[in-house]
1. For region 356-407, would you read off the P(r) tail past 16 Å as a percentage of all alpha carbon pairs?
2. If I ignore ligands, DNA and RNA and count only protein heavy atoms, how much of ASP67 is accessible to a 1.4 Å probe, in Å² to the nearest 10?
3. In whole percent, and with a 1.4 Å probe on the protein chains, what portion of the accessible area of region 421-574 is carbon and sulfur?
4. Per the 1.4 Å probe, what fraction of the accessible area of region 261-401, in percent, lies on carbon and sulfur atoms?
5. Heavy atoms only, probe 1.4 angstrom, no DNA, RNA or ligands counted: give me PHE317, PHE84 ranked by accessible area, highest first.
6. Students often get this wrong, so check it: of LYS108/LYS285; LYS349/LYS520; LYS423/LYS444; LYS169/LYS520, which have C-alpha atoms separated by over 20 Å?
7. Can you compute the charge dipole magnitude of region 1-157 about its Cα centre, using +1 on each Lys and Arg Cβ and -1 on each Asp and Glu Cβ, nothing else charged? Give it in debye, rounded to the nearest 20.
8. Between LEU497 and VAL225, how many nm apart are label points set 7 Å from Cα along the C-beta direction?
Amino acid sequence: MGPITEHHLLIFLVQFALVLGLCKLIGYFLFKIKQSSITGDILVGLILGPAILGRIFPELQASLFPDEVIQRSMLETIAWFGNFFLLMEAGLEINFSRIWEQRGNAIKLSLLDLTLPIIISFIPLFFLPNRYLVDPSQRILFTLFLAAVMTISALPVAIRGMRDLNILKTDVGFLILSVLTINDIAGWVIFTVILGIFSHGSMDFGFIGRLIFLTLAFTIISLTVLRRVVDKMVTFIHNRSGESMGLKITFIMLIGALFGAATLKIGIHSLFGFFMAGTVLGEAKHIGERDRFVVNRLVYAIFVPIFFANIGLHLDFVANFDWKLVLLMVAVGVFARYFAANLGARWSKQHKSNLNVISIAHTPGGEMHIVVSMLAFNGGLISEQILVSIISSSLISTIIFGPWLSWAVRKLRRNIFEIVFAKDDVHLDIRVQNRDEMLAYMSKQAALRMGLSEDEILQEIKLREDQMSTAMGMRIALPHARLDGIGRSYIFVFQSLQGIEWDSPDGLTVRLIILIITPKDSPNAQLLVMQSLAKVLSDRQLSNSLVNSQDANFIWAALHSELDSAEKCRVEDM
C-alpha cells in the first residue's frame, strides 16, 4: 500500500462532504417526524452504495467510492472513530452509582430482560436453514449470538422516545433508564464473550473461563478502582482549568482511547473498553450535563453519521434482503423483549397502568444491534444476508417504537386528576445561593401549603434530583416527587433572577423552578402534569417570557391555562 496522494485526498473530501451532508439533510426531515437519524444515515449509505447508485449508475458509484485499499481505509478510519465514540458516548450517559442505588426493581426487570428473550429466541433461530449460516458447525454459537441480539433493547432510542413524550424524567422514565443501563452493561459482557469465543475458533473451556474472568474483572475494576482514579483526575482538571480550555473533553477522549487499547491488549474487543470508559467517566462528579451535551453533539454531528452510512456503502441490501427472515427477527425480537419486560414489571410490582409503557420501551433495536452485528460480520460469524436482516429488523422496530409508545402514553389518561395551583403558589425573586438552599426553601413552602413534613418533602425531592438532574434547559427545572398521604397533585413556582447552578444540559443557570408533587398511588398524575408543563415550556418565546417575568399573575395564568386544558385534568385554585 503506497502513500496517500492528492487524488486520494480529493476523493476523500468529496466522499466526506457528500455523505455527511446527505446524512444531515435526511436526518433533519426524520427529526421532524420523530424518527431516529440513524435510519437516515443508513439510508444514505444505501443510496450511495451498491444497492441503489451502484445499480443505476455503476460507473459514477465506482468513481465516487473506488474499491481501492487506501481510499476505502480513509473513510473507514472516520467510521471506526464513529464506532468507538458512539459506544463511549452511550456509556457517558450512564450514571451507574445512582442507578445502582435503585437496583431493587431494576435488577428484577433486568434479570428477566436478559434471560427470557434468549430462551424465547433461541429455539426458532436454531432451526434456521443452513444457507443462512457461514459455518453450519458453529450453529450453537451462531444461534446464541442472534438470541443475544434479540435480547438487548436500544437505550438511546428509548431515551429519545421518552424525551419526546416528556416522560424521561418521571419515576417510570428513570426506572426504564436504570433497567436498560444494566442491560447495556450486561449485554456488552455477553457479546464480548461470544465474539471472543468465535475469534478463538473453538469451544475451549479454559479459554472461555479466562475470557469471562478477564471481562468481568475489567468491568468490576473499572466500576470501582478506576472510577475513583478517573474522578480524581477529572476533579484536578476541573479545579485547575475549569471550562475555559476544553481539557475535560480532551481527557474524555484520551480515557476512551486508553481503555480501548487496554481491553484490546488483554484479548477483549476495544469497543467494550470505550463503553466502559464512558461509564466510568459518567460517574465523575465534575462531568456535568453540559460536558455530556458537548460530547453528544461532537459524536453525533460528525462521527456517527459516517459510521452508519459506511455500513450501507459496502452492503448490497437489495441482493441480500430476505423479507421472511426480517419479519421473523422483528416478530421474535419485539415479542421477546416486550414479554420479558412485562413479566419483569409485574414481578417488581410496578403499577399496572405503567406495564405497557415499560414493556414498549424495551422493544426497539438500534445502534447496539448494528454495531455488534458488524463486528460479527467482519469476524465471519454471520453472513451478509443475516447482517442485512438484523439491520432491517432494528430499523423497523425503531420506526414503530415512537408511535407505539405515544399511543401507550395517551392510553394512560383515564382518571380525573385534581391539581391544586393558586396564584399564591407563585414565588418570585427568591434569594438563595445554590440548588440545595432552593430545594430547602421549596420544601418549606410546600409543607406549609400541604400540611406535610418539610423533611419528608425535601428528602423525596432531593433523592429524585440526585438520581437525574431535572433541569430541562432554557433556564428551567422541573423538580418533582410522589408522596403518600395526599389525594391531589400540587404545583409550586419559584423564580431566582440571579440564577442557580442546576447541572443543566445547555450549561445555563436555572431561574424558573416548577415543583410538582403528586400522589404516590397515582403514577399517571406525575406523567400527565409533567407532559402538560413541558408542552407549554417547549414554546421558546413563552418560556423566555416566563423566566424573565416579574408578574406572578402572568406566570400563573400561562401555566394554569395549559394544565386546565389537559385531557382528564381539573385544576383547583384553592
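1. Details: 587 of 1326 pairs.
Taking all Cα-Cα pairs of region 356-407, the fraction more than 16 Å apart is 44 percent.
2. The accessible area comes out at roughly 130 Å².
3. Values: 2760 of 6310 Å².
Percent of accessible area from carbon and sulfur atoms in region 421-574: 44.
4. On the way: 3040 of 4630 Å².
Reported share for carbon and sulfur atoms: 66 percent.
5. Numbers: PHE317 20, PHE84 45 Å².
The residues order as PHE84, PHE317, largest area first.
6. On the way: LYS108/LYS285 28 Å; LYS349/LYS520 14 Å; LYS423/LYS444 17 Å; LYS169/LYS520 16 Å.
Violating the 20 Å limit, Cα to Cα: LYS108/LYS285.
7. Details: 10 positive and 11 negative charges, 123 e Å.
Its charge dipole is roughly 580 debye.
8. The two pseudo-label positions are separated by 5.5 nm.
The values are calculated or read from the model by the stated rules, or taken from the named source; none is laboratory data. Since we're looking at a predicted model, the values are computed, not measured. Please note: Cβ atoms are built from the backbone with ideal geometry, for glycine as well, and neighbour counts cover all protein chains shown. Note: accessible area is taken over every heavy atom of the protein model, side chains too, but ligands, DNA and RNA are not part of it. Shrake-Rupley method; radii C 1.70, N 1.55, O 1.52, S 1.80 Å.
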